[in-house]
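Just so you know, all these numbers are worked out from the coordinates, no wet-lab data involved. These numbers come from a predicted model, not from an experiment. Backbone-built Cβ (ideal geometry, glycine too); neighbour counts: all protein chains shown.
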Amino acid sequence: MTYTTEPVYAHGTPEKTAVLLINLGTPDAPTAQAVRPYLKEFLSDPRVVEIPRAIWWLILNGIILNLRPKKSAAKYADIWMSEGSPLKLHTERQTRLLQQRLQQRADGMPLVVDYAMRYGNPSVASVLGKLKAQNCQRILVLPLYPQYAASSTATAFDAVFKDLLQMRNIPSLRTVKHFHDDPGYIQASAQNIRDYWTRHGRPDKLVMSFHGVPSYTLEKGDPYYCECLKSGRLIAEELGLSEEQYIVSFQSRFGKAEWIKPYTTTTLKEFGQMKLKRVDVVCPGFVADCLETLEEIAMEGKEDFLHAGGGEYHYISCLNERSDWVDALADLVLQNLQGWLEKPDTEQLEKSRLRALALHAEK
């Protein structure tokens with residue numbers, strides 16, 4: 001095996017600790033040309049689509065990648081912001097705010113915060129390279145998925161582990177598997193809803209819509225479904241809601257297989273047929289607004305509900321750059337960095353540099 005070239009090392013350089021946030025990803029532009037390679041990378045992941053590779057290769061390359069990029073590009077165009085992809089912009093802002101918060105709370109520790117996208121840019125490999133160039137010898141990997149699923153969290157870890165296989169000098173690594181029941185995340189999620197209701201009044205029903213996965217993943221041991229239900233229950237309890245006042249549902253069904261239920265689309269149509277005066281929908285499985293929240297839920301979901309006879313439809317935004325969410329994220333990071341944060345001893349580092357130079361080190 002040929003390993004990637006290590007950065008030039010200078011003796012006496014202080015080691016840094018890094019926090020690497022990972023989100024799903026986005027195409028670089030709302031065009032079919034940009035969407036196609038993004039979809040190919042995403043749908044080629046064996047954790048995302050668990051179909052025999054030879055069969056799926058024919059379906060993906062023969063049908064999906066010839067038809068879907070144009071349709072998906074039109075949807076991306078509906079939610080694209082002047083500065084670019086909403087998911088990328090929110091993730092960049094969360095990263096910057098988290099860096100600022102940690103600088104305030106970590107008392108001058110050499111700490112770097114960066115983000116990568118599992119699919120698309122910036123890639124996990126490219127950002128790990130940046131961190132290595134900054135002498136980050138300890139890395140905390142935090143996928144921005146509150147609930148663990150093999151098709152999301154695990155594949156983010158896969159990308160990191162795959163890149164480590166190419167390294168000669170591997171950094172220490174810690175991972176955050178999930179934070180579906182983290183008190184800070186739950187409280188921020190509930191307060192986000194509460195703040196919206198303070199401004200706009202309350203609905204007849206609150207729908208908490210999570211990304212869907214095939215039912216067989218639950219049967220094979222994936223904890224995702226259970227973690228979504230727990231998050232929904234804890235948020236509802238924080239809001240003081242009864243079981244009749246909210247429902248947990250699942251969106252983004254793909255293909256003909258049965259997925260975990262109830263489906264969000266079916267639920268919204270049923271509520272419309274029941275002539276509910278108002279339904280509010282929030283997506284606690286996403287910490288940043290993206291195509292699935294802004295187009296599928298805020299737009300398509302509204303059409304489903306109203307067309308079926310419903311009254312008012314309100315979409316409640318994701319946590320995005322909320323201060324309480326950034327605080328919760330900082331708490332989560334610091335909990336997982338225990339024992340790693342220490343101020344560099346500049347005197348000892350200088351002695352180490354001089355000893356190395358005396359032994360004919362170049363730097």
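Against the set (1) 31, 29, 18; (2) 40, 25, 17; (3) 34, 22, 19, the structure's computed semi-axes √(5λ) of the Cα gyration tensor in Å falls on (2). Amide H contacts under 5 Å for Tyr263: Phe250, restricted to partners 5 or more places along the chain or on a different chain, H placed in the peptide plane at 1.01 Å from N. Using just its DSSP H runs of length 4 or more, each adding -39500 (n - 2.57), the chain gives a mean residue ellipticity at 222 nm of -13500 deg cm²/dmol after division by all residues.
Once the GluC sites (Glu not before Pro) in DSSP loops with at most 12 neighbouring Cβ atoms within 10 Å are cut out of the chain, the longest remaining piece is 84-257.
When only Cα pairs below 8 angstrom with a gap of at least 6 residues are kept, the chain shows a relative contact order of 23 percent.
Taking the Cα centre of segment 183-316 as reference, the dipole from Cβ charges on Lys and Arg (+1) and Asp and Glu (-1) amounts to some 240 debye. The phi-based Karplus calculation (6.51 cos²θ - 1.76 cosθ + 1.60; θ = phi - 60°) puts the 3J(HN,Hα) values of segment 237-249 at 5, 5, 8, x, 8, 7, 4, 7, 8, 8, 8, 9, 9 Hz, whole numbers, x for Gly and Pro. Relative to the longest principal Cα axis of the chain, at what angle does helix 65-79 sit, 0 to 90 degrees, rounded to 10? Approximately 90 degrees, to the nearest 10. The overall shape of segment 183-316, judged from the alpha-carbon gyration tensor, is oblate: a/c is not under 1.5, and a/b is no greater than b/c. Residue by residue, segment 226-232 carries 3J(HN,Hα) couplings of 5, 5, 5, 4, 5, 4, x Hz when phi is fed to the Karplus relation 6.51 cos²θ - 1.76 cosθ + 1.60 (θ = phi - 60°); x denotes Gly or Pro. When each of Asp304, Asp107, Asp78, Asp158 is scored by the number of other beta-carbon atoms lying within 10 Å, the sequence from fewest to most is Asp107, Asp78, Asp158, Asp304.
Shape class of segment 93-151 from the Cα gyration tensor (axes a ≥ b ≥ c, square roots of the eigenvalues): oblate, since a/c reaches 1.5 or more and a/b does not exceed b/c.
Shape class for segment 236-310, computed from the alpha carbon gyration tensor (a ≥ b ≥ c): rounded, with a/c under 1.5. Among the trypsin sites (Lys or Arg not before Pro) found in segment 96-140, not one is both in a DSSP coil and sparsely packed, with 14 or fewer other Cβ atoms within 10 Å of its Cβ.
Of the DSSP beta bridges with both residues in the chain, give the percent that are antiparallel, rounding to the nearest 5.
Given both bridge residues lie in the chain, the antiparallel proportion sits at roughly 5 percent.
Against the chain, whose longest principal axis is taken from its Cα atoms, helix 323-336 shows a tilt of about 50°.
If each residue's Cβ is checked for other Cβ atoms within 10 Å, how do His314, His211 rank with the fewest at the top?
His314, His211
Placing +1 on the Cβ of every Lys and Arg and -1 on the Cβ of every Asp and Glu, with nothing else charged, gives segment 167-227 a dipole about its Cα centre of roughly 240 debye. Each of Ser323, Ser72 was scored by other Cβ atoms within 10 Å of its Cβ. Arranged with the fewest first, they read Ser323, Ser72. Applying both filters, DSSP loop and at most 14 other Cβ atoms within 10 Å, to the chymotrypsin sites (Phe, Trp or Tyr not before Pro) of segment 1-99 gives Tyr3, Tyr9. The phi-based Karplus calculation (6.51 cos²θ - 1.76 cosθ + 1.60; θ = phi - 60°) puts the 3J(HN,Hα) values of segment 150-157 at 4, 7, 10, 4, 5, 6, 5, 4 Hz, whole numbers, x for Gly and Pro.
Students often get this wrong, so check it: of Lys40/Lys205; Lys75/Lys220; Lys132/Lys177; Lys88/Lys275; Lys132/Lys343; Lys40/Lys230, which have C-alpha atoms separated by over 30 Å? Checking Cα-Cα distances, Lys40/Lys205; Lys75/Lys220; Lys88/Lys275; Lys40/Lys230 exceed 30 Å.
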